[in-house]
Amino acid sequence: MPVITIAEAKAHVGEDVTFQGWLYNKRSSGKILFLQVRDGTGVIQAVLSESDSSELFAVADRLPREASIVVTGALREDRRAPTGCELQLSDLQVVHEPTKPFPIELTEHTPSFLMDHRHLWIRTGRQVPLLRIRDSVFRAFREFFHQRGFVSTEAPVLTGTSVEGTTTLFELDYFGDKAYLAQSGQLYLEATAMALGKVYWIGPAFRAEKSKTRKHVTEFWIAEAEMAYVDHEANLTLQEDLVRFIVEAVVEERKPELEQLERDTDLLLGEVRTPFARVDYGEVVTILQEKGHEVSFGDDFGAPEEATLGEHFGGPVFVERFPFRMKPFYMKRDPLDPERVLAADLIAPEGYGEIIGGSQRVDTEDELIAQLEEFGLPSDPYQWYIDLRSYGSVPHSGFGMGLARVIAWISGVPHIREVIPFARQINRLYP
Ligand code: 4AD
Ligand code: MG
């Protein structure tokens, strides 16, 4: 019998097929058993009457949830089923029978119970579509840059310096010296961009951040790009094209998953119509103040402010030209106003917060040395980075995107811990 996936079932109605999967759930109505079988691509109902085979019925009847099983039978059309069909069971092999009852009920559990059982929770409910959407977001990011001739590269995770400030560094002992887990690959991407022109990567980033919000984890996958001979304006245009490309690609590729999550994809596609709004930081502060927020010039925005911005603009919005002091040392000052930097954060709609941080980079030796000093950073460990401004320096720009926040927004789930296979938070290192 041909082995197919549940996602392929509809095209095989009328045929005898085999699925390899797990028993997701089960119910019976007297002498008929309805087995929900999952295989990672979907869930299908397999039906068995006691009158068809009392032997098979007895086996199926006592099977616990999450038993691994191989099921065979004829596919019958069933318009009401999400898969469009159901399986008339004719054979069932038990590959492994669980040694303990499966702890996750398909009803309600507390978030902490679910996170404690994350290794099993991922098999259930919306977790499967979420992880499939994650797969598509990663692929779309890479596809976008591949199509535009960027070179995929890597940055080290073990580093000797900070990028995004010294307060969120994870420090470790490196054979007697201090090393840090990378907060971002940016500084290294700047070096590879000077070798290759345009580069990108997706890699892990670490922040010893004590925030317990729905948007912060201590380890996340950052997606970054860096471009030689690209200025601030072109950097923003590329970012909005990228965000639109990712959303459109995922809506196209993951229709059934987004339906299962009841995500309004028309709303999503409407939100990413380009160009996105580009608003000066000072103007944003004024808008927020007019809407009753207690923010002053120089403040960062919190979740309530970000939610207001999403409502006000109805789509992603670039907050541009931040005060120099608010941002890291490497940003280029605005020639028209040296108290500001050529930087922008992209704030997602619906309260999903900052999904991209980017800027044009300081590109002269003197300015960089002065800025390191202003931030109280020693220049020695950054000598290699200063070197990039000593040998054929060019205007260059780049950005980093928080993939988990993008996935949460596209999926419409509130907390990013649900779109990360195994999220790391202040109080969570297991499973
Ligand atoms: O804004 P950030 O800190 O920018 C950088 O790291 C730059 N070096 C990027 C660059 O220009 N190459 O981080 C980039 C993005 C944020 O916009 C946010 O989406 C995400 O990374 N991010 C987090 N996501 C989850 N948990 C955290 N603790 C995050 N911190 C930042
Ligand atoms: Mg940022």
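The values are calculated or read from the model by the stated rules, or taken from the named source; none is laboratory data. Given the structure is predicted, the values throughout are model-derived calculations rather than measurements. Backbone-built Cβ (ideal geometry, glycine too); neighbour counts: all protein chains shown. Remember, those area values only see protein heavy atoms, side chains included, never the ligands or the DNA or RNA. Shrake-Rupley method; radii C 1.70, N 1.55, O 1.52, S 1.80 Å.
Whenever you get a sec, compute what percent of the accessible area on the stretch 105-175 sits on carbon and sulfur atoms (1.4 Å probe). Before the final figure, lay out the partial values.
Details: 2080 of 3880 Å².
Carbon and sulfur atoms account for 54 percent of the accessible area of the stretch 105-175.
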Toy charge model, Lys and Arg Cβ at +1, Asp and Glu Cβ at -1: the stretch 56-201 dipole around Cα centroid in debye, rounded to 20, equals 460
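Which whole-number value in Å² is the accessible area per residue of the stretch 275-376, probe 1.4 Å? If you can, show how the numbers build up before the last one.
On the way: 4250 Å² over 102 residues.
Spelled out: the 1.4 Å probe surface of the stretch 275-376, per residue, equals 42 Å².
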For the stretch 345-384, the charge dipole (Cβ of Lys, Arg +1; Cβ of Asp, Glu -1; about the Cα centre) points to a positive end, and the Cα of Gln383, Tyr352, Leu368 closest to that extreme belongs to Tyr352
Rounded to the angstrom and largest first, Cα extents along the principal axes for the stretch 41-156 equal 62, 36, 27
Computed over the stretch 81-212, protein heavy atoms only, probe 1.4 angstrom, the accessible area per residue in square angstrom equals 51
Magnitude of the Cβ-charge dipole (Lys and Arg +1, Asp and Glu -1) of the chain about the Cα centre, nearest 20 debye, reported as 1220
Working note, the stretch 288-348: Cα radius of gyration (Å, one decimal) and Dmax (Å, whole number) are 12.5, 33
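Percent of accessible area on the stretch 336-431 owned by carbon and sulfur, 1.4 Å probe? Show your work: numbers first, answer last.
On the way: 1960 of 3650 Å².
About 54 percent, which is the carbon plus sulfur part of the accessible surface.
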Between the alpha carbon centres of the stretch 285-347 and the stretch 65-111 the gap in Å comes to 50
Once the in-chain neighbours fewer than 8 apart are removed, the lysines whose Cα is under 24 Å from Lys215 read Lys291, Lys327
Gyration tensor (Cα only) of the chain to equivalent ellipsoid, semi-axes in Å sorted down, yields 49, 23, 20
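Across every pair of different alpha-carbon atoms, what Kirkwood hydrodynamic radius in Å does the stretch 78-125 reach?
Working: mean 1/r = 0.0720 Å⁻¹.
About 13.9 Å for the stretch 78-125.
Using DSSP to call loops (not H, G, I, E or B), can you name the GluC sites (Glu not before Pro) in the stretch 221-282 whose Cβ has at most 16 other Cβ atoms within 10 angstrom? Walk me through the numbers before you get to the answer.
Details: sites: Glu224, Glu226, Glu233, Glu240, Glu248, Glu252, Glu253, Glu257, Glu259, Glu262, Glu271; in loops: Glu262.
Here the sparse-neighbourhood loop sites are Glu262.
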The answer for GluC sites (Glu not before Pro) in the stretch 23-118 that fall in a DSSP coil and have at most 12 neighbouring Cβ atoms within 10 Å is Glu105, Glu108
Counting sequence-distant residues (5 or more places) and residues on other chains, those with an amide H built under 5 Å from that of Val43 are none
Once phi for every residue in the stretch 163-169 is put through the Karplus expression 6.51 cos²θ - 1.76 cosθ + 1.60 (θ = phi - 60°), the whole-Hz ³J(HN,Hα) values, with Gly and Pro written as x, are 10, 9, x, 8, 7, 10, 7
The equivalent-ellipsoid semi-axes of the stretch 171-268, taken as the square roots of five times the Cα gyration tensor eigenvalues and listed largest first in whole Å, are 31, 23, 11
Counting only residues 5 or more apart in sequence or on a different chain, those whose built amide H sits under 5 Å from that of Ala277 are Phe318
